[in-house]
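One structure is given here, and the rest of the page talks about it.
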Amino acid sequence: MKITVMLGGASAERDVSLASGARVVNALRAQGHAVTPLDPALGVLSEAAFTELVHDAMKREPPTLEQLRRLEKSQLSPILTTLPAVREADIVFLALHGGQGEDGTLQAMLNAAQVRYTGSGHLASALAMDKDLSKTLFRSAGVTTADWLMAPATEEQVDAALGWPVIVKPSKQGSTVGLAKVDDPAGLAAAVQEAFLYDDEVIIERFIAGRELTVGILGDDALPVGEIIPRHELYDYECKYTAGMAEEKFPAKLTSLQRSTIQEQARRAFRALKLDGYARIDFRMLKDGTFYCLEANTLPGMTELSLIPQAAAAAGISFPALCERIVQLALRTKGGRT
């Protein structure tokens, strides 16, 4: 098949996307497909440009806001779906993270252009990206999630509704960009101000102390549960994308009841947001065994350190086979999403 892999873009998760996309390009080529890499911020990449761009793509910190503003000015959004690499592709594999690549904007454009693509549709993508809406839908589906408020909220309101500590983060962002743990009222204003740099909505959420767990969904299957043990207090950007900064265990050490419970919670979250194809659902587990759903990732990372490839490997699915499964799931959805 002719497959175009979209990677990079102009979101704060650009570097992660470049690393994800490079692996996907190579895996799909190993499966025998004709693969074209395309960066929405730069256009179709020559082999030389692709090699240069993805070489050592991951940094210890995300791109600066100034770097992102420059990339946003060069984005090809208005003409993206008119490019032959998009219109003539049998399918577009979305290896983008955050921003317009994951919030439903690009998915809606591809729908309008009748271009098939991997992952969830535009509505589901938008719902999952908006943490306020997604948490509301989780609760309606019987999925436990931490109490929250939307900023602005006074220190008194946070104290009464949530207590301390809390997590402050952009409502529509990923990879813990702009996220902070606030232990007392004195740190709230600065954390909210920092989060507003990355989004026009900020969520303040009760901090759940417990084990960090994740469940990948692939088609109708819940993959083996994973546990993440970061070297920092939080599973932050550096821990996620720097080798040796976190320990990932697949499968996680759980009882059979705990395993089946969290996998069912993940399936419910997946259905509540109308997700499709594949996703990753993240949780915290209290000492008493209660699971709290943190969020859903509709285009989860595919880097060497990312969690859904590790979960797939624990299920006996190689990375090239995982990418092939994602493509086939998209093609089987009503003949391919259009």
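Restricting attention to the stretch 130-158 and to residues that are open to solvent by less than 20 Å² (accessible area, probe 1.4 Å), of a type in the set (A, V, I, L, M, F, W, C) and part of a helix (DSSP H, G or I), the residue that is nearest to Phe291 (Cα to Cα) turns out to be Phe138. Give me the residue from the stretch 255-290 that is assigned to a helix (DSSP H, G or I), within 24 Å of Gly98 (Cα to Cα) and of a type in the set (D, E, K, R) and, out of that set, most open to solvent (accessible area, probe 1.4 Å). Here the residue is Arg271. Apart from one condition, Ala190 fits all of (1) open to solvent by 10 Å² or more (accessible area, probe 1.4 Å); (2) closer than 27 Å to Tyr278 by Cα; the exception is (2).
Can you pull out every residue in the stretch 88-120 that is in contact with a helix residue (DSSP H, G or I) (Cβ under 7 Å, 6 or more places away or on another chain) and open to solvent by 20 Å² or more (accessible area, probe 1.4 Å)? Listed by number, the residues that qualify are Gln100, Asp103, Ala108, Met109, Asn111, Arg116.
Rundown of residues vs (1) of a type outside the set (Gly, Ala, Ser); (2) in contact (Cβ under 8 Å) with a residue 60 or more places away in the chain; (3) out of contact with any helix residue (DSSP H, G or I) (no Cβ under 8 Å at 6 or more places or on another chain), yes/no style:
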| site | (1), (2), (3) |
| --- | --- |
| Asp276 | yes, yes, no |
| Ala279 | no, yes, no |
| Tyr292 | yes, yes, yes |
| Gly316 | no, no, yes |
| Glu324 | yes, yes, no |
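In the set Ala209, Ala195, Ala180, Ala190, only one residue is farther than 17 Å from Asn297 by Cα and at pLDDT 95 or above; that residue is Ala190. Screening Gly210, Gly178 for residues that are in contact with a helix residue (DSSP H, G or I) (Cβ under 8 Å, 6 or more places away or on another chain) and open to solvent by less than 70 Å² (accessible area, probe 1.4 Å) leaves exactly one candidate, Gly178.
Across the stretch 185-230, what is the number of residues that are of a type outside the set (Ser, Thr, Tyr) and under 27 Å from Gln263 (Cβ atoms)?
Residues that pass the stated criteria total 26.
For the stretch 120-151, which positions are among the aliphatic types (A, V, I, L, M) and farther than 18 Å from Ile208 by Cα?
Leu123, Ala124, Ala126, Leu127, Ala128, Met129, Leu133, Leu137, Ala141, Ala151
Which one of the conditions (1) under 18 Å from the mean Cα position of the chain (by Cα); (2) closer than 27 Å to Asp90 by Cβ; (3) at pLDDT 95 or above; (4) not in a strand (DSSP E or B) does Gly301 fail to meet, given that it meets all the rest? For Gly301, the exception is condition (3). Screening the candidates Ala243, Ala252 for the property of being at pLDDT 95 or above and in a loop (DSSP other than H, G, I, E, B) yields one hit, Ala252. A single entry from Cys293, Cys323 fulfils the requirement of being open to solvent by less than 10 Å² (accessible area, probe 1.4 Å), in contact with a Phe, Trp or Tyr (Cβ under 9 Å, 6 or more places away or on another chain) and assigned to a strand (DSSP E or B): Cys293.
The values are calculated or read from the model by the stated rules, or taken from the named source; none is laboratory data. Here the structure is a predicted model, which is why all the values come from computation and not from measurement. Backbone-built Cβ (ideal geometry, glycine too); neighbour counts: all protein chains shown. Calculation scope for accessible area: heavy atoms of the full protein, side chains included, ligands and nucleic acids excluded. Shrake-Rupley method; radii C 1.70, N 1.55, O 1.52, S 1.80 Å.
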